[in-house]
Amino acid sequence: MPESLLIRGGRLVDPIASIDALRDIRVSGIVLEIGEHLEAMSGEQVVDANGAIVSPGFIDMHVHLREPGEPQKERIETGTQAALRGGFSAIACMPNTSPALDDPASIESLLAAVAQRAHCRVYPIAAITRRREGEELCDLDALSEAGAVAFSDDGGWTRDARVMAEAAKAAAHLEAPLISHCEPEEAAAARDLLLALVSEKRWHLAHLSTRRALEMLLAARAQGARVSAEATPHHLLCTQEGAHANGTSTRVNPPLRSEDDARALREGVRDGAIDVLASDHAPHTAEEKKEGAPGFSGLEVAVGAYAAALPDLPLSRFIALLSANPARILNLEGGTLQPGRPADVTIFRDEPWRVDASSFVSLGTCTPFDGATLPRRVVATIVGGEVRYRA
Ligand code: DOR
């Protein structure tokens, strides 16, 4: 257990504990106590959070860490440092690696590398099918046993409906949800929502991007489907109209949509239809981007971009979308700062800052937000009671 740490003077917002008040918080590996005007003990490290918001550590449930296989795009070290800078004490990483995370050995070796080299918590998401080819189902029990928190054929959609139905059956007794990486989005979402409905398996729609997909999600839920959904910063704020000006650098999957779609997503976040904000951090080298590789580096700008997209979103809801909700969906320990829980904390300020992608620690520097001024900035990220990042 690390020495204790006192975070003093901040506005503590914890939606699960129903706290929104000026409170001090003492942590070590876990949260020890919350109170008003806590006195520092002798030798105790103190973080001054005056004027800042103190929240449960943010969790980004959609990150491409690129390990194993593509170290030119990102590595565990750089991706998790980017996460800390962005306020994320934990991330879930996608299986579209080389080779794919499709057997227990690949999950175990990733977790061994994470234990050695990661700066924040990392939870692996395993493939649904071998090599993510959509044909042969992985051993979902064994993957879950090895530490996978969800299943997805990210980067490729599991095309064969029979295989997906089989996956829902094989995963029925597991906590881990199936994640649909929907492409082409609306047809894919329709099929997977139907499968969610008939199988009763818990499902999650990654990077929802259109009004119609959102409407289908609501219709499926109304009939009893257990489906959560996420939105990315770029789909909330950027549109295809804006994209043409910037050429291949704005390529992403799913593509940027219309202003009407982006508006629908923002409404969906406000009214509770969308459960999670997730960056889809998908770094590529500058050369690969020039050749048309889809994806943006998202971790270091996400929090500021979400705030820019949703300026009127109540703070407790903003925080739930980034902590309690992803923790619940992936069945993780974090998401709240009640005493006894892991001391993962994000401290941020409502203070404008200018994005300079050339200063990213991520190896990927392509973002549609380069040069933008964003209204919210992370000032510290604490993992298990240790200050791992401080602005
Ligand atoms: O744009 C994207 N890039 N979307 C994805 O879902 C995959 C990602 C990648 O891995 O590069």
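Under 22 Å of direct C-alpha separation, and excluding same-chain neighbours fewer than eight residues apart, residue 289 reaches these lysines: 73. May I ask for log10 I(q)/I(0) of the stretch 41-144 at q = 0.10, 0.11, 0.15, 0.24 Å⁻¹, from a Debye sum over the Cα atoms as equal point scatterers with solvent left out? The computed values of log10 I(q)/I(0) come out as -0.35, -0.41, -0.66, -1.27. Kirkwood radius for the stretch 235-366, taken over all pairs of different Cα atoms as the inverse mean of 1/r, rounds to 16.4 Å. Calculate how many DSSP beta bridges within the stretch 1-125 are antiparallel, expressed in % of all such bridges and rounded to the nearest 5. Roughly 45 percent of the beta bridges in the stretch 1-125 run antiparallel, per DSSP.
Dimensions of the stretch 94-164 along the principal axes, based on C-alpha atoms and rounded to the nearest Å, stand at 38, 22, 17, largest first. Computed over the stretch 212-283, the percent of Cα pairs more than 21 Å apart is 29.
For a straight C-alpha distance cut-off of 18 angstrom, the lysines reachable from residue 201 (same-chain residues fewer than eight places away being disregarded) are 169. Residues 203, 157, arranged from fewest to most other Cβ atoms within 10 angstrom of their Cβ, appear as 157, 203. Among the GluC sites (Glu not before Pro) in the stretch 1-64, those located in a DSSP loop and surrounded by at most 11 other Cβ atoms within 10 Å of their own Cβ are 3, 36, 39.
A convex hull fitted around the alpha carbon atoms of the stretch 123-187 yields 81 Å³ per residue. In units of the rule-of-thumb radius 2.2 N^0.38 Å, the stretch 204-245 shows an alpha carbon radius of gyration of 1.38. For the stretch 278-347, the share of alpha carbon pairs falling in successive 5 Å distance bins from zero is 3, 14, 18, 19, 17, 12, 9, 6, 2, 1 percent.
Where both bridge residues fall in the chain, DSSP classifies roughly 50% of the beta bridges as antiparallel.
Rounded to the nearest 5, the antiparallel percentage of DSSP beta bridges internal to the stretch 89-227 is 10%.
Neighbour counts of C-beta atoms inside 10 Å place 93, 238, 366 in the sequence 238, 366, 93, starting with the fewest. Solvent-free Debye calculation, one equal scatterer per alpha-carbon of the stretch 160-205: log10 I(q)/I(0) at 0.22 Å⁻¹ equals -0.67. According to the Cα-based calculation, Rg over Rh for the stretch 107-254 is 1.00, with Rh computed by the Kirkwood formula.
Only one residue of 84, 38, 250 has its Cα farthest out toward the positive end of the dipole of the chain, where Lys and Arg carry +1 and Asp and Glu -1 on Cβ, and that residue is 38.
Applying 1/(1 + (r/R0)^6) with r as the Cβ-Cβ distance of residue 194 and residue 312 and R0 = 41 angstrom yields a FRET efficiency of 0.75. Evaluate Rg over Rh across the chain, taking Cα atoms for both radii and Kirkwood's formula for Rh. Ratio of gyration radius to Kirkwood radius: 0.95. The charge dipole of the chain, taken about its Cα centre with unit charges on the Cβ atoms of Lys, Arg (+1), Asp and Glu (-1) only, comes to about 480 debye.
Bear in mind these aren't lab numbers, they're just calculated from the coordinates by the rules spelled out. Because the structure is predicted, anything quoted here is derived from the model rather than measured. Counting neighbours? That spans all protein chains shown, and the Cβs are built from the backbone with ideal geometry, glycine included.
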